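The values are calculated or read from the model by the stated rules, or taken from the named source; none is laboratory data. Owing to the predicted nature of the structure, the values given are computational and were not obtained by experimental measurement. Cβ coordinates were reconstructed from backbone atoms using ideal geometry, including for glycine residues, and neighbour counts include every protein chain displayed. Keep in mind that these areas ignore ligands, DNA and RNA; they rest on the heavy atoms of the full protein, side chains included. Shrake-Rupley method; radii C 1.70, N 1.55, O 1.52, S 1.80 Å.
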Amino acid sequence: MKYLYGASIQGIQSFIFETNELRDIVGASEMIELITSDNSDNDLNFRRFFEENGNDQYEIILAAAGNIRVTAKTKEVLKEIVLNFPMHLTKHVPGLTVSQAVVEIKDNSLKEATRELEEKLKIQRNIKTRPAYITALGIERAPRTGKSAVSKGKKGPQDRSSLMKNKYADNEPSLLASKLLDSEAETKKFPKNVSDIVKGMEISWLSVIHADANDLGKLLQKVSDKAEKDSKLSVRDFSEKLNKTTVEAAKQAFEEIIAKKSDKGSYPFRPIVIGGDDLTVICRGDLALDFTETYIKAFESLAKAKLEAYLEGETIKVCAGISYVKDKFPFHYAVKLADDLCSYAKKVSKE
């Protein structure tokens, strides 16, 4: 008998775009990337948590963009994970919460188990989670986030989350930057200040781009069904190839649009999320539309080639939203607008 475990990390966007400081945003996005990366040497990584709990009887079938899916042979293997993973996450990444669920894989039907798991995760997301850090009256707060301050440095009172983001902002080589560039020296050309993105522009317009695939949930169910009938196919293989498709498409768009139009100082661009089928970046306003168009075309072309065995003649369509804002405009509003525009684009494309 086998079981399917799922974890969905919540509050990623609000965690990343909690402040308008690009340095904080960079550090937060690096932390999110470390959670589901292949690097199990870091305390943030969920693989390390699994290994430390002695749970070696499992198979990871999905680990990208805050989503984790694992199959295990017994319930006992998952018991420690369900009990302790939320605390592990909160300890190392304060400000995030996680929804978890476990279902039995009946009659070896991963498709039905996946459908049941997603329903349970939806229910878990609607259950209010008590915050791990509660600010009492009389405690000084960090002015940028409103959270309880734990340190007072040159930038004034800072909360624990901001301190950790600043630490990971200096992570070299940057995991996200390394996805777009092969040279470690070149990754240092990605800016850590908003002013460097709009440097040299007469009008300081920025853009936030968010893109993801259409109907991926339905496609995953089809993939599960095909994997049960064909031993050469698997959900894990599909997820890994989909992730590579996203990374390669982003790299291709970056090389064709951003790198060619950048000066020798720094790139007017910062990757925030690149994984699974998700892409979120901050870009100089005049380059945003060309980058997005190039990325979508590259993704759909690469997906057709890499995932041909799963798609059987179908194509994975991608929609995107671009918000254009001034450099002083609150980033969380810009991200929300880009996300809403992407959702609207999906709705229109289906019609």
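Odds and ends about this structure:
- Test: residue in region 117-124 that is modelled with pLDDT of 85 or more, in contact with an Asp or Glu (Cβ under 9 Å, 6 or more places away or on another chain), within 18 Å of Gln221 (Cβ to Cβ) and surrounded by 14 or more Cβ atoms within 10 Å (Cβ to Cβ): no
- Just so you know, in region 151-177 the residues that are modelled with pLDDT under 85 and basic (Lys, Arg) include one that is nearest to Lys328 (Cα to Cα), and it is Lys155.
- Among the residues of region 313-336, none qualifies, meaning not one is assigned to a helix (DSSP H, G or I), within 30 Å of Asp225 (Cβ to Cβ) and at pLDDT 95 or above.
- Residues being outside any helix (DSSP H, G or I), of a type in the set (Gly, Ala, Ser), more than 30 Å from Lys326 (Cβ to Cβ) and in contact with a Phe, Trp or Tyr (Cβ under 9 Å, 6 or more places away or on another chain) - total across region 190-233: 1
- Exactly one residue out of Leu307, Leu341 is closer than 23 Å to Ala227 by Cβ and not β-branched (Val, Ile, Thr), and it is Leu307.
- Qualifying residue in region 35-52 (condition: assigned to a helix (DSSP H, G or I), without any contact (Cβ under 8 Å) to a residue 24 or more places away in the chain and open to solvent by less than 60 Å² (accessible area, probe 1.4 Å)): yes
- Residue check for Gly276: over 24 Å from Gly27 (Cβ atoms), open to solvent by less than 40 Å² (accessible area, probe 1.4 Å) and in contact with a strand residue (DSSP E or B) (Cβ under 8 Å, 6 or more places away or on another chain): no
- Region 200-238 - residue that is of a type in the set (Gly, Ala, Ser) and open to solvent by less than 60 Å² (accessible area, probe 1.4 Å) and, of those, nearest to the chain's Cα centre (by Cα): Ala211
- Scan region 74-110 for residues that are part of a loop (DSSP other than H, G, I, E, B) and under 17 Å from the mean Cα position of the chain (by Cα) and the total you get is 4.
- Restricting Thr90, Thr97, Thr74 to residues that are in contact (Cβ under 8 Å) with a residue 60 or more places away in the chain and either among the charged types (D, E, K, R) or surrounded by 15 or more Cβ atoms within 10 Å (Cβ to Cβ) (or both) narrows the list to Thr97.
- Candidates Ser29, Ser14 - the one that is part of a helix (DSSP H, G or I), under 30 Å from Pro191 (Cβ atoms) and open to solvent by 50 Å² or more (accessible area, probe 1.4 Å): Ser14
- Pairs meeting the criteria (first residue in region 243-261 and open to solvent by 70 Å² or more (accessible area, probe 1.4 Å), second residue part of a helix (DSSP H, G or I) and among the charged types (D, E, K, R), beta carbons under 7 Å, at least 6 apart or on different chains) are Lys244/Lys306.
- In region 145-168, residue farthest from Thr90 (Cα to Cα) [restricted to those that are touching an Asp or Glu at 6+ places or on another chain (Cβ under 7 Å) and not polar (S, T, N, Q)]: Pro157
- Residue count for region 283-306, restricted to those that are surrounded by 20 or more Cβ atoms within 10 Å (Cβ to Cβ), within 22 Å of the chain's Cα centre (by Cα) and not aliphatic (A, V, I, L, M): 6
- Candidate set from region 178-189 (those that are more than 21 Å from the chain's Cα centre (by Cα) and not in a loop (DSSP other than H, G, I, E, B)); member that is modelled with the highest pLDDT: Glu186
- Filtered residue count, region 10-54, keeping only those that are among the β-branched types (Val, Ile, Thr) and under 20 Å from Pro268 (Cα atoms): 4
- Selected residue (criterion: farthest from the chain's Cα centre (by Cα)) from residues of region 308-330 that are closer than 10 Å to Leu206 by Cα and open to solvent by less than 30 Å² (accessible area, probe 1.4 Å): Val325
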